Amino acid sequence: MKICFQIISGVMLVIAIFAVGSMLSAFSAASSSATPRSFQLIVSDDVSQNALSVYIGSFIFSIVAEIALKNGFYGEAGYFILFVLTIIVFTIVILTFLRWVERISKLGRLEHTIKKVEGATVEVIKKRLEEPLMGGVPIKKRTDKGIAVFSNQIGYIKYINVDSLQDFAKTADVIISLNCMPGTFTSPDKPILFVISQQGKSPDIDKERLNKAFVIDNSRSFYDDPRFGLIALSEIASRALSPGINDPGTAIAIIGSHVRLFVLWLEKGKKIYPQKIKYDRIEVPEIALDDIFYDAFRPIARDGAGNIEVMLRLQKAFTTIAFIGSDEVKEITLTHSLDAYQRAELVIENKRDLEMLKEECPQTKN
């Protein structure tokens, strides 16, 4: 038994070190081949974290069991229980290792990274569609916006504690109108919210308490910010289209991801969800459709302007989105379609290619 535990402890330590090295290589590959913004998704891979925990746990188990054996802590029943536990631990390690090997072969690869980013964006879009105003109410037009409250930090808003803002608004008998959303860059010159008095008099404002309702960091997060996922995908496409890499196939794959995300956003957006107003004193701005089009398509139109295959696929994507969208979406789509065509027109010299592109451009069809 002692020799068995010595072998397990030695092997588990080696495997744990190997696992850490493999994960670091995968993280580095994801950042260099895709975009550094995808790192937070890759590093949070549940399978890899679970595998590393199992290896380290098995190492600790074998060390503790070996010490207990050397000091004679077990009787005959204890030896039998320890033997059964060792078999169970060994089985868990084998199964975890097989699962981890399958995952580590994908972790860090470009296709896997794109899938992770798209999957995270799908989840946050679904969440936002169910609560487009985060449980609040739409912003009302007023001549007087109220008292502006500025951020005491510089960075990106990762999370807004709307519960805390609602409690403050009830206590002070005010309306709070947000001037930002998760993903917004804040600085001392930009108000994060406005406080509107209900009684027509200037209320007492605890600006420190209001600022504590905003979690601000140096980087954006995928989990409450649907625009960030679109930006990360477009960054992957831009990197693929750079002269040093020259991988238009990846850019075309990203366009496909964008189409799936926009179809989800627009098709699901047509469904009327029962709007549960949890925070009747919090006014929340909506995400502008034009902004998400810029996030998704402008970088690809700019960096892929000289590649006819990418531009053809981009125009086909605009045709699909215009077909399923509302009149507002169609108008925005046609604007971006024309912009992409004009960018290509400045770079592509072959007239036949331009004629093909013009035939696919939704704007030129209307």
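Tabulated data for the structure shown
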item	result
Some residue of region 128-143 being at negative phi and touching a Phe, Trp or Tyr at 6+ places or on another chain (Cβ under 6 Å)	yes
Condition check for ILE216: β-branched (Val, Ile, Thr) and over 28 Å from ARG109 (Cβ atoms)	yes
Residue satisfying all of: in region 267-321; small (Gly, Ala, Ser) and either open to solvent by 20 Å² or more (accessible area, probe 1.4 Å) or at pLDDT below 90 (or both); farthest from SER242 (Cα to Cα) among these	GLY269
Test for SER326: is it among the hydroxyl-bearing types (Ser, Thr, Tyr) and either touching an Asp or Glu at 6+ places or on another chain (Cβ under 6 Å) or under 30 Å from LEU178 (Cα atoms) (or both)	yes
Test: residue in region 352-361 that is surrounded by fewer than 18 Cβ atoms within 10 Å (Cβ to Cβ) and outside any helix (DSSP H, G or I)	no
Number of positions in region 179-225 that are part of a loop (DSSP other than H, G, I, E, B), under 19 Å from the mean Cα position of the chain (by Cα) and not β-branched (Val, Ile, Thr)	12
Members of region 99-110 found to be surrounded by fewer than 16 Cβ atoms within 10 Å (Cβ to Cβ) and within 14 Å of SER48 (Cα to Cα), listed by number	ARG99, VAL101, GLU102, SER105, LYS106
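Yes or no, residue by residue, for (1) of a type in the set (Phe, Trp, Tyr); (2) more than 29 Å from SER38 (Cα to Cα); (3) part of a loop (DSSP other than H, G, I, E, B); (4) open to solvent by 90 Å² or more (accessible area, probe 1.4 Å):
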{"residue": "VAL84", "(1), (2), (3), (4)": "no, yes, no, no"}
{"residue": "PHE97", "(1), (2), (3), (4)": "yes, no, no, no"}
{"residue": "HIS112", "(1), (2), (3), (4)": "no, no, no, no"}
{"residue": "GLU118", "(1), (2), (3), (4)": "no, no, no, no"}
{"residue": "GLU123", "(1), (2), (3), (4)": "no, no, no, yes"}
{"residue": "ALA148", "(1), (2), (3), (4)": "no, yes, no, no"}
{"residue": "SER164", "(1), (2), (3), (4)": "no, yes, no, no"}
{"residue": "THR171", "(1), (2), (3), (4)": "no, yes, no, yes"}
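The values are calculated or read from the model by the stated rules, or taken from the named source; none is laboratory data. Predicted model, so just to flag it, every value in this text is computed and none were measured. Every residue, glycine as well, gets a Cβ built from its backbone with ideal geometry; the counts of neighbours run over all protein chains shown. All accessible areas refer to the heavy atoms of the entire protein, side chains included, with ligands and DNA or RNA removed. Shrake-Rupley method; radii C 1.70, N 1.55, O 1.52, S 1.80 Å.
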